[in-house]
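To start, the structure under review is shown below, and the notes come after it.
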Amino acid sequence: MDITAQSIEGGFADPVFNAQTVFRTVMDAMARPGMVRKLPALARPPSPLWATAGAIALALCDNDTPIWLDPALQASVTVKSWLGFHSGAPLANTPADAHFALITAPCEMMALDGFSQGTQEYPDRSTTLILQVSDLASGAPLLLQGPGIETTATIAPAQMPRHFVEQWKQNNQRFPRGIDIILATPDGIACLPRTTRIKTMEA
């Protein structure tokens, strides 16, 4: 299959309904941090972009929301043309220009403060990170507290950056500015909004 065909195929079969389904799932997961939500394979993006992360990008991104791609995605002509064709979203020149960032290797990603933090007047202009993680159970356990969590929640995403908890504490301190994270596994998602406090289980 040539690049043009790969770019055109694999989008939402029912764009309005599928986008609404994904959007509702993401909003639900943002409202209940750490809660895992199933997400059906509504999109079939080219590798190394997964169906879940691709569907989130198609539901949330448009021609007004620049996307930053990590090196593995940046190197894929088919991924870039697929995202462009199906979402219309331009590629951000730098992480600080991005409304969304797609990351296939979270363990190798840059520090969180390299992305747009928003401003005091427009905190919603920060970057939302979509991190592809193989699962939410095999990594270092994280204890979550904050709005939307009754007492505590626990999540253990794989392949997270080494100093993630320290970086996240700094992210909390920038409130109302700061980034939000969507963790995308092959079949579901969980979210970490900027209001969520995270501790390592040993602490």
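The values are calculated or read from the model by the stated rules, or taken from the named source; none is laboratory data. As the structure is a prediction and not an experimental result, all values here were calculated from the model. Every residue, glycine among them, receives a Cβ derived from its backbone with ideal geometry; neighbour counts consider all protein chains shown. For accessibility, only protein heavy atoms count, side chains too; no ligands or nucleic acids. Shrake-Rupley method; radii C 1.70, N 1.55, O 1.52, S 1.80 Å.
Using Cα atoms only, what is the angle between the long axis of helix 51-60 and the major principal axis of the chain, expressed in degrees (0 to 90) to the nearest 10?
Result, in degrees: 90.
Looking only at 153, 43, 51, which one moves most when the chain is put into a Gaussian network model with springs between Cα atoms under 10 Å?
153
What fraction of the DSSP beta bridges in region 8-133 is antiparallel, stated in percent and rounded to the nearest 5?
Here the antiparallel bridges make up roughly 10 percent for region 8-133.
For residue 24 and residue 47 in one chain, what is 0.36 nm times their gap in residues minus the Cα-Cα distance, to one decimal in nm?
Result for the pair: 5.8 nm of gain on full extension.
Computed from these coordinates, which is percent of Cα pairs over 22 Å apart: [x] 57; [y] 45; [z] 39?
[y]
Quick one: Karplus J couplings for region 110-121, per residue in order, coefficients 6.51, -1.76, 1.60, θ = phi - 60°, nearest Hz, x for Gly and Pro?
Running phi through 6.51 cos²θ - 1.76 cosθ + 1.60 with θ = phi - 60° gives 5, 5, 4, 6, x, 8, 4, 9, x, 10, 4, 6 Hz.
Please report the relative contact order for region 65-130, taking Cα pairs under 8 Å with a sequence separation of at least 6, and give it as a percent rounded to a whole number.
Worked out over region 65-130, it gives 35 percent.
Compute the signed sum of charges (Lys and Arg +1, Asp and Glu -1) over the other residues within less than 15 Å, Cβ to Cβ, of residue 89.
-2
What is the dipole size for region 79-153, taken about its Cα centre, with +1 at each Lys and Arg Cβ and -1 at each Asp and Glu Cβ, in debye to the nearest 20?
Here region 79-153 has a charge dipole of around 220 debye.
What percent does the relative contact order of region 43-196 come to when contacts are Cα pairs within less than 8 Å and at least six residues apart?
Over region 43-196, the number comes to 21 percent.
For region 98-203, rounded, prolate or oblate, judged on the Cα gyration tensor with a ≥ b ≥ c (square roots of eigenvalues), a/c < 1.5 rounded, else prolate if a/b > b/c?
The shape class here is oblate.
So with the 1.4 Å probe, I'd like the accessible area per residue for the chain, rounded to whole Å².
Each residue of the chain exposes 47 Å² on average to a 1.4 Å probe.
Only Lys, Arg, Asp and Glu count, each charged at its Cβ (+1, +1, -1, -1), so figure out the dipole size of the chain about its Cα centre, rounded to 20 debye.
Charge dipole, the chain, about its Cα centre: 440 debye, nearest 20.
Would you mind counting up the charge near residue 180? Only other residues with Cβ under 13 Å from its Cβ, with Lys and Arg at +1 and Asp and Glu at -1.
Net charge around residue 180: +3.
Determine ³J(HN,Hα), in whole Hz, for all residues of region 155-161 in sequence, where each value follows from phi through the Karplus function 6.51 cos²θ - 1.76 cosθ + 1.60 and θ = phi - 60°; x replaces Gly and Pro.
9, 9, x, 6, 6, 7, x
Using θ = phi - 60° and the Karplus form 6.51 cos²θ - 1.76 cosθ + 1.60, what ³J(HN,Hα) does each residue of region 22-27 get, whole Hz, x for Gly and Pro?
Listing the rounded values in order: 5, 4, 4, 4, 5, 4 Hz.
Per DSSP H run of at least 4 residues, take -39500 (n - 2.57); add these up for the chain, divide by its residues and hand me the 222 nm value, nearest 500 deg cm²/dmol.
-8500 deg cm²/dmol
Which residue, 178, 148, 54, has the most motion in a Gaussian network model of the chain that connects Cα atoms within less than 10 Å?
148
Would you mind working out the magnitude of the charge dipole of region 2-105 relative to its Cα centre, with +1 at each Lys and Arg C-beta and -1 at each Asp and Glu C-beta, to the nearest 20 Debye?
380 debye
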